Amino acid sequence: MEIEEIYRKYARCTRCPLHRGRQHIVMGEGNPESPLMFVGEGPGAEEDRQGRPFVGRAGQLLDKMLEAAEIPRKDIYITNIVKCRPPGNRTPEDEEMETCKVILREQFVAIRPVIIVTLGSAPTRSLIDPQARITRVRGKWVERKGVRMMPTFHPAYLLRNPSGKRDAWRDFQAVRDAYREVLAR
Ligand code: URA
């Protein structure tokens, strides 16, 4: 299935309670042919308003980091574990993430990423290890089904804890190097 078909298939999704508060479903955006995918937690207020991922304050920081790593945002694919905004920006519940993951799985099948960056604890737990502590696992590559995965801090966390930026920048450099390698193949 192509990415646009997935969007159409779930455009009116009501599988979990998060649909009740949404203005827009935020499916994701970018290059559906990209070997590199970023997965965040869920849309915030601005994302819900615009229907686009990472366009609020955290998104602006993500943009800066991508720019510094010379990874053009339009070249990669960016999405979230849940596609509808959790009320008050709370962390999505396990059940909401599990329910919504059917969409993400179809996105993985359509896009076939080679590298996945998980931004923060929620996507790291949901995709890599339910017990993972982001402070321990960040910066370490893990392989799942032939896909290289890099957990790193969520940009919203970095806005609150700027001292984490140095580590996150290291992670982004590792991702950039791996991405360049894949592109050079
Ligand atoms: N935070 C996220 O995790 N995802 C977004 O799209 C925006 C903010």
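When the residues of segment 74-92 are narrowed to those that are within 13 Å of the ligand (Cβ to nearest atom) and not in a loop (DSSP other than H, G, I, E, B), which ends up surrounded by the fewest Cβ atoms within 10 Å (Cβ to Cβ)? Reasoning before the result, please.
Restricting attention to segment 74-92, the residues satisfying the condition of being within 13 Å of the ligand (Cβ to nearest atom) are 77-86, 89-92.
Narrowing the set further to residues that are not in a loop (DSSP other than H, G, I, E, B) leaves 77-80, 89.
On the way: 77: 24, 78: 24, 79: 23, 80: 28, 89: 14.
Among residues in segment 74-92 that are within 13 Å of the ligand (Cβ to nearest atom) and not in a loop (DSSP other than H, G, I, E, B), the one surrounded by the fewest Cβ atoms within 10 Å (Cβ to Cβ) is 89.
Contact map, segment 48-63: residues that are more than 20 Å from residue 11 (Cα to Cα) paired with residues that are more than 8 Å from the ligand (Cβ to nearest atom) and part of a helix (DSSP H, G or I), Cβ distance under 7 Å, separation 6+ or inter-chain. Pairs shown: 56/45; 57/159; 58/159; 61/158; 61/159; 63/73.
In segment 22-69, of all residues being more than 13 Å from the ligand (Cβ to nearest atom) and not in a loop (DSSP other than H, G, I, E, B), the one that is farthest from the chain's Cα centre (by Cα) corresponds to 68. Among the residues of segment 87-109, not a single one is more than 18 Å from residue 157 (Cβ to Cβ), of a type in the set (Val, Ile, Thr) and in contact with a strand residue (DSSP E or B) (Cβ under 8 Å, 6 or more places away or on another chain).
Scanning segment 134-162 for residues that are closer than 11 Å to residue 124 by Cα and among the charged types (D, E, K, R) yields one hit, 138.
No value in this document is a laboratory result; all are computed from the given coordinates. In this text, all values refer to a predicted model and were calculated from it rather than measured experimentally. Cβ coordinates were reconstructed from backbone atoms using ideal geometry, including for glycine residues, and neighbour counts include every protein chain displayed.
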